[in-house]
Amino acid sequence: MTDKSALNVMNGIDPPSPVNEEVARKIRAHKPRGLTTQEYLEGIFAGNRTILSKAITLVESSLTAHQAQGQEVIAECLRRLTIYDLRFTNEGQAGQGSIRIGITGVPGVGKSTFIEALGKHLTAMGHKLAVLAVDPSSSRSKGSILGDKTRMEELSVDPDAFIRPSPSAGSLGGVARKTRETIVLCEAAGFDVIFIETVGVGQSETTVHSMVDFFLLLMLAGAGDELQGIKRGIIEMADAIVINKADGDNLAKAKTARVEYANALHLFPPPGSGWTPVADICSSRTKMGIGHVWELIMEHRRLTGETGFFQQRRMEQNRQVFRETIEEGLRRHFFSQKEISRDLASREAEIMKGTLNPYQAAQEMLARYFRNDK
């Protein structure tokens, strides 16, 4: 076949690139860079909500580079907050600074409605409120609904309120691993009241109790045997029990439940704070009793400030952070070892087959880790 044959196929031309190089160059040139540590700090202390949100995302990130920068931001925030707190302490002004409030209760008790009602009450008084609402993460998909902003319609648009729904990411009891760091960032941004809403499944309360100044337990009346419907340990941790939805036909039941809880609280040993836990009622819908709940919290703050328990509890929280940081660092370093991660799957497969003792396997892996770390 000759080159002039009609059956001859010409090579043709190369197709154009599917990517417009000029447009791609402009996009790369204008791609936003990550913020520097100084930019994060300036934005946080200026009360910039966007930068605060980015800083929280930074400390929640699992990337090593993000974790390192996040710790730089946290360290500087703590340094400045310590100077701030010492100034008020030296001046003897009890009640200054921030207050951290844990709010828990069984699902359906109305935690989000209560938080919105109390939150609007506080912002009307001139307070700046941050709500850290931890949503449960799926153990399968690792996803979360993060729907607290949709349940708090008024508070979510309040200029003096900041709502941060965070996934629990599988951590103990549904409490986000970085909640403590988020508290520090919010306080550095000028929020003087911090709400921490738990998932309310009965496991996270101990962890939340260890990071707050006041622990509030919400309950319902007429939902069964009130005194049997919740664990004794949670009641012992509560600084106040508030029966929510005390309105309409439910008001009489709520008053009866308040008496029952008040009697039950007197059966427990008195807490070391010198505060006597109280039982009260409120209605998030009608706002009845909401102001009195805040008065109780402020009375607790005044009393514990005078006795020194407030400061002692904050120092205890710092000690807890110290231990948790060590534990988290050891865990992360253990699983980051290539030899460990390589053998982990095979050991787990043997355990699932029943051919390997899980305790023995764990001890062998730990022994290998400590040999390699020398």
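Within the stretch 115-136, the set of residues being charged (D, E, K, R) and assigned to a helix (DSSP H, G or I) comprises Glu116, Lys120.
Restricting attention to the stretch 322-361, which residues are of a type in the set (A, V, I, L, M, F, W, C) and assigned to a helix (DSSP H, G or I)? Quick ask: steps written out before the conclusion?
In the first step, residues of the stretch 322-361 are kept if they are of a type in the set (A, V, I, L, M, F, W, C); the result is 322, 326, 330, 334-335, 340, 344-345, 349, 351-352, 356, 361.
Passing the criteria: Phe322, Ile326, Leu330, Phe334, Phe335, Ile340, Leu344, Ala345, Ala349, Ile351, Met352, Ala361.
Suppose we keep only residues that are touching a Phe, Trp or Tyr at 6+ places or on another chain (Cβ under 9 Å) and aromatic (Phe, Trp, Tyr) within the stretch 309-351. Which one would you say is farthest from Leu366 (Cα to Cα)? Step by step, filter the stretch 309-351, then rank; the result is Phe309.
Every residue, every condition in (1) over 25 Å from the mean Cα position of the chain (by Cα); (2) under 19 Å from Ser112 (Cβ atoms), yes or no:
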position	(1), (2)
Lys253	yes, no
Arg258	yes, no
Phe268	yes, no
Gly289	yes, yes
His292	yes, no
Ile297	no, yes
Glu306	yes, no
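No other residue among Arg323, Arg368, Arg342 is surrounded by 13 or more Cβ atoms within 10 Å (Cβ to Cβ) and at pLDDT below 90 apart from Arg368.
Given Gly173, Gly200, Gly233, which one is surrounded by fewer than 23 Cβ atoms within 10 Å (Cβ to Cβ) and either modelled with pLDDT of 75 or more or not in a helix (DSSP H, G or I) (or both)?
On the way: Gly173 fails: either modelled with pLDDT of 75 or more or not in a helix (DSSP H, G or I) (or both); Gly233 fails: either modelled with pLDDT of 75 or more or not in a helix (DSSP H, G or I) (or both).
Gly200 is the lone residue from the list that is surrounded by fewer than 23 Cβ atoms within 10 Å (Cβ to Cβ) and either modelled with pLDDT of 75 or more or not in a helix (DSSP H, G or I) (or both).
Being in contact (Cβ under 8 Å) with a residue 12 or more places away in the chain, touching a helix residue (DSSP H, G or I) at 6+ places or on another chain (Cβ under 9 Å) and loosely packed, with under 12 Cβ neighbours inside 10 Å holds for only one residue in Gly305, Gly272, Gly291, and it is Gly272.
Screening Arg151 against (1) more than 28 Å from Phe310 (Cα to Cα); (2) of a type in the set (D, E, K, R); (3) modelled with pLDDT under 50 leaves a single unmet condition, (3). Would you call His66 at pLDDT 95 or above and either closer than 30 Å to Leu220 by Cβ or not hydrophobic (A, V, I, L, M, F, W, C) (or both)? Spelling it out, it is not the case that His66 is at pLDDT 95 or above and either closer than 30 Å to Leu220 by Cβ or not hydrophobic (A, V, I, L, M, F, W, C) (or both). The residue that is modelled with the lowest pLDDT, counting only those in the stretch 205-228 that are in a loop (DSSP other than H, G, I, E, B) and within 21 Å of Val293 (Cβ to Cβ), is Glu226. Within the stretch 258-302, work out how many residues are modelled with pLDDT of 90 or more and part of a helix (DSSP H, G or I). So the count comes out to 15. Is it the case, given these coordinates, that Met365 is of a type outside the set (D, E, K, R) and either assigned to a loop (DSSP other than H, G, I, E, B) or farther than 21 Å from Ile235 by Cα (or both)? Criteria met by Met365. Of the residues making up the stretch 57-71, those that are in a helix (DSSP H, G or I) and over 14 Å from Thr37 (Cβ atoms) are Thr57, Glu60, Thr64.
The values are calculated or read from the model by the stated rules, or taken from the named source; none is laboratory data. Nothing here was measured: the structure is a model prediction, and the numbers come from that model. Note that we place each Cβ from the backbone using ideal geometry, even for glycine, and neighbour counts take in every protein chain shown.
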